[in-house]
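Colleague: Pasting in a structure now, in structure tokens, and then I'll have a few things to ask.
No lab work stands behind these numbers, since they all come straight from the coordinates. None of these values were measured; they are calculated from a predicted model. Please note: Cβ atoms are built from the backbone with ideal geometry, for glycine as well, and neighbour counts cover all protein chains shown.
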Amino acid sequence: MLSGHDAIGILLALLFGAALGLERELSGKAAGLRTNVLICLGAAVFTIISRRMGEGDSVTRIAAQVVSGIGFLGAGAIIQDRAGVKGLTTAATIWLVASVGVACGAGYYGLAFITAFAAVIVLFGLARIEKKMKRSQKSHPCSCDTEKQQD
């Protein structure tokens, strides 16, 4: 039977996963809204199951496996080609969304909220700052770039 505590955790995981996935969706990334919501929900449900089934150290075992498993999903988002490495922010977001889901499933709602809020600020706010910095670098090339080209 679903307790009120568990329902709150699942609903918050849905909300926080959507908030984090929205930026990825708006940025046109492969791991967008639905992916991030599902990762957050899945991590929350696994944590709820772990909490209900386990005693002592066994409660943390499923959460530890979520951390390991999500690493493989994140690694799949990283692509290396001649132009460089792509997908690191997406991989980091996947990792972070899973941690928010675990926090929701464990009942640490304040921690989940603060983490999701901070991540939304980072994803939306720092993206704007990065764009401005890139434009500034293009219009004002650094002398170190010309030194590198001469080598």
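Colleague: To the nearest whole percent, what portion of all C-alpha pairs in region 53-122 is separated by more than 18 angstrom? Write down the numbers at each step before the final one.
Modeller: On the way: 1185 of 2415 pairs.
Percent of Cα pairs beyond 18 Å in region 53-122: 49.
Colleague: If I model a spin label at Glu55 and Ser136 as a point 7 Å from the Cα along the Cα→Cβ vector, what separation in nanometres do I get?
Modeller: It is 5.9 nm.
Colleague: Follow-up. Given charges of +1 on the Cβ of Lys and Arg and -1 on the Cβ of Asp and Glu, with all other atoms neutral, how large is the dipole of the chain about its Cα centre, in debye to the nearest 20? List each step's numbers first, then the result.
Modeller: Details: 15 positive and 10 negative charges, 92 e Å.
With Lys and Arg at +1 and Asp and Glu at -1, about 440 debye.
Colleague: Relative contact order of the chain: what whole-number percent is it, with Cα pairs under 8 angstrom and at least 6 residues apart? Before the final figure, lay out the partial values.
Modeller: Numbers: 180 pairs, mean separation 40.3, N = 151.
Relative contact order for the chain comes out at 27 percent.
Colleague: If you don't mind, another one. Counting only other residues whose beta carbon sits under 14 Å from that of Gly87, what net charge do I get with K and R as +1, D and E as -1?
Modeller: Around Gly87, the charge tally is +2.
Colleague: Kindly provide the helix-only [θ] at 222 nm of the chain, computed as the sum of -39,500 (n - 2.57) over DSSP H runs of four or more divided by all residues, to the nearest 500 deg cm²/dmol?
Modeller: Details: 6 runs with 122 residues, N = 151.
Roughly -28000 deg cm²/dmol at 222 nm, from the helical runs in the chain.
Colleague: Continuing with the same structure: For the ranges 16-26, 98-108, 114-124, what's the packing order if you count other beta-carbon atoms within 10 Å of each residue, average per peptide, and put the highest first?
Modeller: Values: 16-26: 21.3, 98-108: 25.1, 114-124: 16.0.
Per-residue mean Cβ counts within 10 Å order the peptides as 98-108, 16-26, 114-124.
Colleague: Label-point separation (nm) for Ala7 and Ile121, each offset 7 Å from Cα along Cα-to-Cβ?
Modeller: For Ala7 paired with Ile121, the spin-label model returns 3.3 nm.
Colleague: In the set [x] 17.1, 59; [y] 15.3, 51; [z] 18.9, 69, which value of Rg and Dmax of the Cα atoms in Å was calculated from the structure you see?
Modeller: Answer by label: [z].
Colleague: Please give the length that would be gained between Ser27 and Ile78 if that part of the chain were fully extended, namely 0.36 nm times their separation in residues minus their C-alpha to C-alpha distance (nm, one decimal). Kindly include the intermediate steps, with their values, before the conclusion.
Modeller: On the way: separation 51, 0.36 × 51 = 18.36 nm, distance 1.61 nm.
Full extension from Ser27 to Ile78 adds 16.8 nm.
Colleague: Counting only other residues whose beta carbon sits under 14 Å from that of Ala31, what net charge do I get with K and R as +1, D and E as -1? Let's see the in-between values first.
Modeller: Working: positive: Arg24, Lys29, Arg34, Lys86; negative: Glu23, Glu25.
Once all neighbours under 14 Å are counted, the net charge is +2.
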